Amino acid sequence: MGLFAFLSTLFGFAKTPVKIVVLGLDNSGKTTLISHLKDEGNTQSFDVVPTVGFTVEKFKKGKLDFTIFDMSGQSTYRGLWESYYADTDAIIWVLDCSDKLRMSIAKHELGVLLGHRDLAERSFPLLFFANKMDSHCALSPVECMQLLALEEIQNKPWHITGSNAISGEGVDDGIQWLGDTLEKLRTARK
């Protein structure tokens, strides 16, 4: 470790590297959320195009040095998700809380994810963004939690927060929880 890296760590300036997979059905706002995080809130809705396949973004926020895998939520690309499970430190799941009809699909996909051999026995944080809270027909985070049966998740810390990825409302609160939880898990493993 170099002198600068040592001093940065000693004085708390070093960023913790984290690999995060961002999942959710298509049109839930995953890419908009990532753009908001990456650009410190300068996101404009017309700058964001839907992800085809996946993209990788790297940026720093708070105490974290993010490598984020933005996975397409279209049904033809969901098979790619599992390729990124083994090395992930956390998963962010973005829900379109204005789309009640597709909550059962989201619940099914979440069940597949949680039962996957690379994730089933591991403890890692799951952060859920109940996105598009500004919609007049939006479900509350509690209603989303109930529809997805999140209370049944036993061996992983999870959190759900309402969000609007365009304005950034709720995004920083969720990322703060994620950073704190990752730090607690790393400390517990030492």
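The values are calculated or read from the model by the stated rules, or taken from the named source; none is laboratory data. These numbers were taken from a predicted model, which means no experiment stands behind them. Virtual Cβ from ideal backbone geometry, glycine too; neighbours counted across all protein chains shown. Accessible surface areas use protein heavy atoms only, side chains included; no ligands, DNA or RNA. Shrake-Rupley method; radii C 1.70, N 1.55, O 1.52, S 1.80 Å.
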Identify all residues within the range 142-190 that are among the β-branched types (Val, Ile, Thr) and surrounded by fewer than 18 Cβ atoms within 10 Å (Cβ to Cβ); write none if there are none.
VAL142, ILE153, THR187
Identify all residues within the range 127-137 that are open to solvent by 30 Å² or more (accessible area, probe 1.4 Å) and of a type in the set (A, V, I, L, M); write none if there are none.
MET133
Positions within the range 133-169 being within 21 Å of GLY62 (Cα to Cα), assigned to a loop (DSSP other than H, G, I, E, B) and modelled with pLDDT of 95 or more, in sequence order:
PRO157, SER163
Of the listed residues (ALA130, ALA149), the one being under 12 Å from SER98 (Cβ atoms) and in contact with a helix residue (DSSP H, G or I) (Cβ under 9 Å, 6 or more places away or on another chain) is ALA130
Hey, does the range 87-97 have a residue that's open to solvent by 10 Å² or more (accessible area, probe 1.4 Å) and more than 15 Å from the chain's Cα centre (by Cα)?
no
